[in-house]
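The values are calculated or read from the model by the stated rules, or taken from the named source; none is laboratory data. This is a predicted model, so every value here is computed, not measured. All Cβ positions, glycine included, derive from the backbone under ideal geometry; neighbour counts span all protein chains shown. Accessible surface areas use protein heavy atoms only, side chains included; no ligands, DNA or RNA. Shrake-Rupley method; radii C 1.70, N 1.55, O 1.52, S 1.80 Å.
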Amino acid sequence: MVVPASSPSSSPPKPLSAPQKAMRKMGLARDIDLALHIPLRYEDETRIVKLGDAREGDAIQIEATVVSSEVQLRPRRQLLVTVDDGTDTCVLRFFSFYPAQQKALAVGQVIRARGEVKGGFMGFTMMHPAFRAATGDLPSVLTPVYPTSAGLPQTYLRRAIASAVSRADLSESLPPAMAWPSSPQGKPVQSLRQALTYLHHPTPDVSIAALEDRSHPAWQRLKAEELLAQQLSQRMAKLERDTLKAPALQSKAGAWHDKLKEVLPFQLTAAQQRVGLEIAQDLARPVPMHRLLQGDVGAGKTVVAALAAMLAIDQGWQCALMAPTEILAQQHFAKLVGWLAPLGVRVAWLTGSQKKKERTEMLALIESGEAALVVGTHAVIQELVKFKNLALAIIDEQHRFGVAQRLALRDKMQEIGMEPHLLMMTATPIPRTLAMSYYADLEVSVIDELPPGRTPVVTKVISDSRRDQVIGRIGAQLAEGRQVYWVCPLIEESEALDLTNATATHEELSAVLSAQLPGTAVGLLHSRMSVNEKREVMAQFTQGSMGVLVSTTVIEVGVDVPNHIYSHISGIDIVRAPDSAGNGEYYVLEDNLRVPSGVSYMLENRKMMMRLFPDLFASHRIAPVAHYPDLLLETLREVAPNGVNDPTVV
């Protein structure tokens, strides 16, 4: 049927209002989007508090009569409204106001105002309180305050959300036969609609603390729904991946895989052999492997990855290993060349700092397939890099890469309809990795056995007032021929952050230790240095000619320093201070600074630690970072830090 030009259906769509545009910009386009837009906090407008009962600092709602209203021009233009509720008076002060507001606050008007009461010489004051005419009954539920943006008033958003909740499809995800289990208290679990309705409009008797810390049953119900959705989506992704094709890499007796085992200068541990078999079984299947190899630093992940690479190379395919920093990539390259070059396997090296001639040569080797193994940094995933037949992608310190970067390496396979096997390695899983592994997207192999000779790690917390003692202890270790890392969160002093910086610490240690132990070299490493400067510093430290290395968290991905025994982390600023490092990075440092000879690992500035990270302290105690060989448990401590034991606190 042809619709006439004059038909209403052919008229242009009605333009969006400013609040509607703001909602679209926030992603609030559908009813379900609005229904899941949970309040940021709540205001209690269900009761009236008399000014005579109010205390300074209270956030209260009053009902009072306007007794005076005037605009003052000095010291700046402001509207001063005095109200009286029969028990006391209060001045409402507005620096920004409109004529309509002046009219609503005219003398004689009875209003309800809500805000924080402040005391002073002239009595109570409220700055820019929310107010309305005192008409109608008081609300029976708390008033929600939603995350919003410019151009989207709370009143408009509240009405939109209330309407959307009534229309949204909030039917149960589980069929009746698979109903949610009862709560630990034996109470039936709320439906999704009940939980969301309550979170948008809780009753006045609710525990505000339970809403804020999200422990209320309504929040628990919403969390369960979110976890179910995540688990199902991860499971669907895994099932979809299982329909894809990948090269079946069957092991061959007597091939390079077996020859590599024979030439290794050490015996594989039982854990390495076990995880190697798990990986080999995955690679033998014609579906893409998606496995996380988790193990402590020094547990032998690199050699397991090398053996996996040889399974691909045995079949005539290529393998790529990508590391987040050039220092770590160089370390892998040196190890792999030492193991594989005697077998005649060509290993290519690819980084962003290479000279054009060398880079061109490497790209040609990769594209021709002459380079069976490619080791590098993010340069491996650049568009110019063309693999002849990539079958296995290995990503070290996988949490340092984004999802798009991992996918870019996976997309390097040229064969249509196929994708390479993916092996990810890490010493410190972070919460995202933990969720991925627990919710079906990753298979996990754990090297839970350390090579012989590893001594227990000692972790201590030392006050910054004992800094001189720490430096003295470092001097004693240096006198015994040991080496020390000293890690700082900042390169230089910052006015915004009261944190220990690397340059000042380097100068301090250089002055003190040169006097205490003449000839002691103290190095400095940070991200502003050039690649060649970093390489030179690390070479000196690795070779033992440098006793102390002061570094920022650029050192967080570990390097091999067999003689290193002592690590000092300066300031809890590393754990959780604004603009420095996060808790996950703290664990990365803790794990990657371990060495076979053992580590004494310290944290300075305990006062700041307790202020910035109080949930780790209970009766002057802090969650440990060194007592668990399984680093997945360390991540659990990050999620629930209060459920663990304590280290030594000095």
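Provide a single number: the residues in region 235-247 that are part of a loop (DSSP other than H, G, I, E, B) and surrounded by 13 or more Cβ atoms within 10 Å (Cβ to Cβ).
Of the residues in region 235-247, 2 are part of a loop (DSSP other than H, G, I, E, B) and surrounded by 13 or more Cβ atoms within 10 Å (Cβ to Cβ).
If ARG114 satisfies every condition in (1) over 34 Å from the mean Cα position of the chain (by Cα); (2) surrounded by fewer than 17 Cβ atoms within 10 Å (Cβ to Cβ); (3) on the phi < 0 side of the Ramachandran plot; (4) at pLDDT 90 or above but one, which is the exception?
(2)
Take the residues of region 280-307 that are more than 18 Å from GLN331 (Cα to Cα) and small (Gly, Ala, Ser): which is surrounded by the most Cβ atoms within 10 Å (Cβ to Cβ)?
ALA280
Could you go through region 445-467 and let me know if any residue there is among the small types (Gly, Ala, Ser), within 27 Å of the chain's Cα centre (by Cα) and modelled with pLDDT under 70.
Checked against the condition, which is being among the small types (Gly, Ala, Ser), within 27 Å of the chain's Cα centre (by Cα) and modelled with pLDDT under 70, region 445-467 yields no hits at all.
Yes/no per residue for (1) modelled with pLDDT under 80; (2) open to solvent by 20 Å² or more (accessible area, probe 1.4 Å); (3) over 23 Å from LEU307 (Cα atoms):
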{"site": "GLY376", "(1), (2), (3)": "no, no, no"}
{"site": "ALA379", "(1), (2), (3)": "no, no, yes"}
{"site": "GLN382", "(1), (2), (3)": "no, yes, yes"}
{"site": "VAL385", "(1), (2), (3)": "no, no, yes"}
{"site": "LEU390", "(1), (2), (3)": "no, no, no"}
{"site": "ILE394", "(1), (2), (3)": "no, no, no"}
{"site": "HIS399", "(1), (2), (3)": "yes, yes, no"}
{"site": "GLN405", "(1), (2), (3)": "yes, yes, yes"}
{"site": "ILE416", "(1), (2), (3)": "yes, yes, yes"}
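For region 192-229, what are the residues that are under 14 Å from GLU43 (Cα atoms) and touching a helix residue (DSSP H, G or I) at 6+ places or on another chain (Cβ under 9 Å)?
Scanning region 192-229 gives LEU199, HIS200, HIS201, PRO202, VAL206, LEU211.
Say whether the condition of being under 30 Å from LEU192 (Cα atoms) and either free of Cβ contacts under 8 Å to residues at least 60 places away in the same chain or open to solvent by 50 Å² or more (accessible area, probe 1.4 Å) (or both) is met by at least one residue in region 119-137.
Within region 119-137, one or more residues are under 30 Å from LEU192 (Cα atoms) and either free of Cβ contacts under 8 Å to residues at least 60 places away in the same chain or open to solvent by 50 Å² or more (accessible area, probe 1.4 Å) (or both).
Does region 209-234 hold any residues that are under 23 Å from VAL141 (Cα atoms), surrounded by 14 or more Cβ atoms within 10 Å (Cβ to Cβ) and out of contact with any His (no Cβ under 7 Å at 6 or more places or on another chain), and which are they?
LEU211, HIS216, PRO217, ALA218, TRP219, GLN220, ARG221, LEU222
Looking at (1) over 29 Å from HIS201 (Cα atoms); (2) open to solvent by 50 Å² or more (accessible area, probe 1.4 Å); (3) in contact (Cβ under 8 Å) with a residue 12 or more places away in the chain; (4) not in a strand (DSSP E or B), which one does PRO13 not meet, given that it meets all the others?
(3)
Here's the yes/no breakdown for (1) modelled with pLDDT of 90 or more; (2) more than 20 Å from TYR146 (Cα to Cα); (3) assigned to a loop (DSSP other than H, G, I, E, B):
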{"residue": "LEU174", "(1), (2), (3)": "no, yes, yes"}
{"residue": "SER182", "(1), (2), (3)": "no, yes, yes"}
{"residue": "GLN185", "(1), (2), (3)": "no, yes, yes"}
{"residue": "GLN190", "(1), (2), (3)": "no, yes, yes"}
{"residue": "ARG193", "(1), (2), (3)": "yes, no, no"}
{"residue": "TYR198", "(1), (2), (3)": "yes, no, no"}
{"residue": "VAL206", "(1), (2), (3)": "yes, no, yes"}
{"residue": "ALA209", "(1), (2), (3)": "no, no, no"}
{"residue": "GLU225", "(1), (2), (3)": "no, yes, no"}
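Which of the strands (runs of 3 or more DSSP E) found entirely inside region 28-106 contain at least 2 residues meeting this: loosely packed, with under 15 Cβ neighbours inside 10 Å and without any contact (Cβ under 8 Å) to a residue 12 or more places away in the chain?
The strands (runs of 3 or more DSSP E) meeting that bar are 59-72.
Just for region 152-184: of the residues that are among the basic types (Lys, Arg) and open to solvent by 80 Å² or more (accessible area, probe 1.4 Å), which one is nearest to ARG30 (Cα to Cα)?
So, considering only residues that are among the basic types (Lys, Arg) and open to solvent by 80 Å² or more (accessible area, probe 1.4 Å), the one nearest to ARG30 (Cα to Cα) is ARG167.
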